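Quick one: the structure is below, questions incoming.
The values are calculated or read from the model by the stated rules, or taken from the named source; none is laboratory data. Since the structure is predicted, the reported quantities are computational estimates derived from the model, not experimental observations. Positions of Cβ are generated from backbone atoms using ideal geometry, with glycine treated the same way; all protein chains shown enter the neighbour counts. The protein model used for the area step is the full one, side chains on, heavy atoms only, and it has no ligands, DNA or RNA in it. Shrake-Rupley method; radii C 1.70, N 1.55, O 1.52, S 1.80 Å.
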Amino acid sequence: MPFVNVNHLFKSYGDSGSYVLNDVSFQINENEFVCVLGHSGCGKSTLLNLLAGFIKPDKGEISVNGQLVSKPSAQRGVVFQDHGLFPWYNILDNVAFGPKALKNKDAYRIAKRLIRMVGLEGYEKTYPSSLSGGMAQRVGIARALATNPQLLLMDEPLGALDAMTREKMRIEILRIWKETKKTVIFITHSIAEAVYLADRVIVLKEGSICMDEKIEMERPRSVHASQFIDYTKKFEKVLFEQNELVMD
Ligand SMILES: Nc1ncnc2c1ncn2[C@@H]1O[C@H](COP(=O)(O)OP(=O)(O)O)[C@@H](O)[C@H]1O
Ligand SMILES: [Mg+2]
């Protein structure tokens, strides 16, 4: 049985009459790192919010590890582009928040371990306002992992970072994924980011899946490798159809 099962999902907002997600189905295996790639407005965040259980589909269903998704759950950790840390809590309290809410007596021990894992040991008493964007996003990831979720959902987590930090964070995210063995659904509008990170890329276009492609490359991947460039071109072709016309 697949770990994540998305079954004929339809979603509209208000009474617009048009679907933002139109019959979306896919399966994801445990430990898989899947990127959902698509232009702005194609429905990526809507899909993530449905997976997280923040909103409900009009039709269709999602199950994770055999359980239907009907509301948010500590078993699904979410990381947003805007890290969403509590400004009035220091880093330790931000990360300990989830396990504390679950009355886990080990909340602080877990938080300290995760803060170390994301490379922020020594910053426990620091407040979010004095962190750089990359550091805040590391805290966001630590916080999402603190309830030991089975599934990590990330909505353009590196979108607000500068190019250098983004590259470093890509490497960090892969390291964390290998260390924690989570199943990851990572949303991005960057083709390079998807090809660099994913086991598999699902391309979303105007609310429908138009491509589902395994990335058969060893890690770490080089953006200069011919295979990398081939994948990039393949996704460009699907996302920017007019490219066919301007290529030669
Ligand atoms: N809460 C909402 N109410 C009405 N329309 C929405 C809402 N959220 C998103 N939309 C619309 O749904 C479409 C998909 O949005 P979204 O899922 O955020 O796309 P993406 O994350 O790919 O940029 C867009 O046209 C957006 O304007
Ligand atoms: Mg979005």
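Inside the range 58-83, can you point out the residues that are surrounded by fewer than 16 Cβ atoms within 10 Å (Cβ to Cβ), within 16 Å of ligand 1 (Cβ to nearest atom) and farther than 22 Å from residue 10 by Cβ?
Hit for the range 58-83 is 82, nothing else.
For the subset of the range 108-135 comprising residues that are without any contact (Cβ under 8 Å) to a residue 12 or more places away in the chain and either within 16 Å of ligand 2 (Cβ to nearest atom) or in a helix (DSSP H, G or I) (or both), which member is surrounded by the fewest Cβ atoms within 10 Å (Cβ to Cβ)?
Of everything passing the filter in the range 108-135, 130 is surrounded by the fewest Cβ atoms within 10 Å (Cβ to Cβ).
Could I ask something else about it? Taking the range 11-50, which residues are of a type in the set (Val, Ile, Thr) and either open to solvent by 70 Å² or more (accessible area, probe 1.4 Å) or more than 10 Å from ligand 1 (Cβ to nearest atom) (or both)?
Of everything in the range 11-50, those that are of a type in the set (Val, Ile, Thr) and either open to solvent by 70 Å² or more (accessible area, probe 1.4 Å) or more than 10 Å from ligand 1 (Cβ to nearest atom) (or both) turn out to be 24, 28, 34.
Just name the residue that is farthest from ligand 2 (Cβ to nearest atom) out of those in the range 11-30 that are within 26 Å of residue 184 (Cα to Cα), out of contact with any Gly (no Cβ under 9 Å at 6 or more places or on another chain) and not polar (S, T, N, Q).
Ranking the qualifying residues of the range 11-30, first place goes to 30.
Return yes or no: is residue 203 away from ligand 2 (no atom under 16 Å from the Cβ), surrounded by 17 or more Cβ atoms within 10 Å (Cβ to Cβ) and modelled with pLDDT of 95 or more?
No.
Here's something else I'd like to know. If I filter the range 84-96 down to residues being under 21 Å from residue 134 (Cβ atoms) and aromatic (Phe, Trp, Tyr), which single residue comes out as least open to solvent (accessible area, probe 1.4 Å)?
Only one residue tops the list, namely 86.
While we're on this one: Report those helices (runs of 4 or more DSSP H) wholly inside the range 136-248 carrying at least 1 residues which are under 25 Å from residue 63 (Cα atoms).
Here the list reads 163-180, 191-197.
Then there's this: Quickly run through the range 176-200 and pick out the residues that are within 16 Å of ligand 2 (Cβ to nearest atom) and within 20 Å of residue 76 (Cα to Cα).
Within the range 176-200, 185, 186, 187, 188 qualify.
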